[in-house]
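Presented below is the structure to which this report refers.
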Amino acid sequence: MSAQLTRRVPGFFSITRFRLRHLAGESMWLIPFGYVLLALLLVVVVEVMPTIDVLSAPQVDATLLTSIAGGMLALAGFVITISFITVEFASIAMSPRLVGILRRDRMVKRALGLAFGAFTFSTVGALLVKPEENPVDDLFGIVSTLWSIVAAVMFVVMLDRISNLLRAGNAVAAVGDKARKELEAVHPVAYGVESDSPLAGATPEAALHAPDDTTIEVHETPEAEWWDGDRGAPPTRRFLGDGPGTLHHDGQPGVLVAVDLVRLGRLAAEHDTRIDLSVPVGRFVPVHTAVMSLADGDAEALGDELRSTLAWANEPTLASDPRHAFRVLVDIGLKGLAPGVNDPTTAVQAIDQMHDLLRRLAWRQLGELRVRDAEGAVRVTMPAPTWGHYLRLACEELADFGARHAQVRRHLRVMLDDLSQWAPEERREAALLQRERTEDAIGALRAS
């Protein structure tokens, strides 16, 4: 079964756009730098505006601006300190994978940006204010005071947000919310016919915001055999050999986080060949690993063009790989089950979030991605996770480590029993198989 993708999938089209978004999300300085530029622009605007006489003494401007500058610098220090403490606590108490999610939180960056912006505006303003020449211009003091109040309010809002995120239940819910948002984008196509799907807004046939000369399909393939791994199709389904048509990963090892499938399709059509990617988005790729193969042609001759369609990072991202959300939730659950922590309720909260995600995925089109040209010829194929891969990732490790906890066993069983009834008929067998394997793991651990 195949269906045309119905929406733009983040991370699969414009590599440049993806890299800019990734940089903006990972960088701690980009948003604060924007606020500093805004402060400098505001200084210029205030300088050319008419003078305002509100404050009681001409010396108040310079004194006030200097005081605000010192206070905002101290506030920026508090924001940085609290951010690092939060990241360290979340990494130790729940999962190191939460660090990346917390770093991408814009609230902290905005609080830091407002503090640095107020400091910049007040400092530059204090240098420009000259009471002896223009004793009635109080606009610098007014704007600086208002900005500092906004920065202080943002600091309080940030503290409230961070304190809530440090609670295990809220942290798990935050990961689940981000995952649900990304699932809507990465897997937008409903499974089966529209009338069968219980998902609001997901249909098999809706307009794709892709070029007219390209069609991208999700090709539903039979579930692969159960195998050791959770990052896509097993290697035996792809090529393991070498030759002129094979392109290898050059440079530092990393995780494939985005692929420009449209550009790859156009390159394949231009050279009248087909390109088969051997690794899915989210897979770690060691040096000199085969990443794609040309059915006809010399891959190294097109090496630079082919490699420019791939984006790499040190770890997977939620924006392009929903399995990373499952990985984070499983890690939080495993940390709660550790003997030194002994917090099975956190593991149950993680299972509940994955339960909701799996119910959504059950009625989404999953499987290999295929790019067709204007004539309908397949030009690019890329492996992608199936329903069974998501099931195994969510259940296997928690079943292995949580069998001694009654509530973990109960919630895993409830989740799999529900999925075996909720999922489309063609996917119920995989849920039942995972139920059997979970029971086997629970029985083996309890007997040991």
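The modelled label-to-label distance for the pair His288/Asp250, using points 7 Å beyond Cα in the direction of Cβ, is 1.5 nm.
Within the shell of other residues whose beta carbon sits under 12 angstrom from the beta carbon of Arg410, the net charge comes to 0, with Lys and Arg scored +1 and Asp and Glu -1.
Going by Cα centres, the range 20-44 and the range 408-448 are how many Å apart? Computed from Cα coordinates, the inter-centre distance equals 48 Å.
Set the Förster distance to 51 Å, then compute FRET efficiency between Ala301 and Thr63 from the Cβ-Cβ distance, nearest 0.05.
Numbers: r = 69 Å, r/R0 = 1.35.
In this case the efficiency is close to 0.15.
Heavy-atom accessible area, probed at 1.4 angstrom with all protein chains present, ranks Phe119, Phe326, Phe78 as Phe78, Phe119, Phe326, highest first.
Go through the range 152-192 and name the trypsin sites (Lys or Arg not before Pro) that are in a DSSP coil and have 14 or fewer other Cβ atoms within 10 Å of their Cβ.
Here the trypsin sites (Lys or Arg not before Pro) that fit, given the DSSP loop and packing criteria, are Arg167.
Can you tally the net charge around Arg19? Count Lys and Arg as +1, Asp and Glu as -1, for every other residue whose Cβ sits under 12 Å from the Cβ of Arg19. Charge balance near Arg19 sits at 0.
When each of the peptides 428-435, 184-191 is scored by how many other beta carbons lie within 10 Å of its residues on average, the order from highest to lowest is 184-191, 428-435.
Is the C-alpha gyration tensor of the range 307-365 telling us rounded, prolate or oblate? Criteria: a/c under 1.5 is rounded; beyond that, a/b larger than b/c is prolate, otherwise oblate. Intermediate results must be reported in sequence, preceding the final value.
Working: a/c = 5.36, a/b = 1.54, b/c = 3.47.
Since a/c reaches 1.5 but b/c is at least a/b, the shape of the range 307-365 is classed as oblate.
You can think of it this way: the chain between Phe78 and Leu41 has 10.7 nm of extra reach, that is 0.36 nm per residue less the Cα-Cα gap. Sorting Ile68, Ile351 on solvent-accessible area from highest to lowest, probe radius 1.4 Å, gives Ile68, Ile351. In this label model, Asp417 and Arg17 are separated by 4.6 nm, measuring between points 7 Å along each Cα→Cβ vector. Once the C-beta distance of Glu88 and Leu127 is scaled by a Förster radius of 35 Å, the resulting FRET efficiency is 0.40 to the nearest 0.05.
Counting heavy atoms of the protein chains alone, Leu23 has an accessible area of about 90 Å² for a 1.4 Å probe. Along the range 108-120 the Karplus relation, 6.51 cos²θ - 1.76 cosθ + 1.60 evaluated at θ = phi - 60°, assigns HN-Hα couplings of 5, 5, 5, 4, 5, x, 5, 5, 5, x, 4, 4, 5 Hz to successive residues, with x for each Gly and Pro. A cut-off under 11 angstrom between Cβ atoms defines the neighbours of Val348, and their net charge, with Lys, Arg +1 and Asp, Glu -1, is 0.
If you wrap the Cα atoms of the range 243-355 in a convex hull and average its projected area over all directions, you get 8.9 nm².
Stretch Asp400-Arg359 to full length: gain in nm at 0.36 nm per residue minus the Cα-Cα span? Don't skip to the end; give the middle numbers.
On the way: separation 41, 0.36 × 41 = 14.76 nm, distance 2.23 nm.
Result for the pair: 12.5 nm of gain on full extension.
Pairwise Cα separations in the range 290-448 fall into 5 Å bins from 0 onward with the following percentages, short to long: 1, 8, 15, 17, 15, 12, 9, 8, 6, 5, 3, 1, 0.
The values are calculated or read from the model by the stated rules, or taken from the named source; none is laboratory data. Please read these numbers as outputs of a predicted model, since none were measured by experiment. For neighbour counting, all protein chains shown are included, and Cβ atoms are generated from backbone atoms with ideal geometry for every residue, glycine included. Heavy atoms of the whole protein, side chains included, go into the accessibility calculation; ligands, DNA and RNA do not. Shrake-Rupley method; radii C 1.70, N 1.55, O 1.52, S 1.80 Å.
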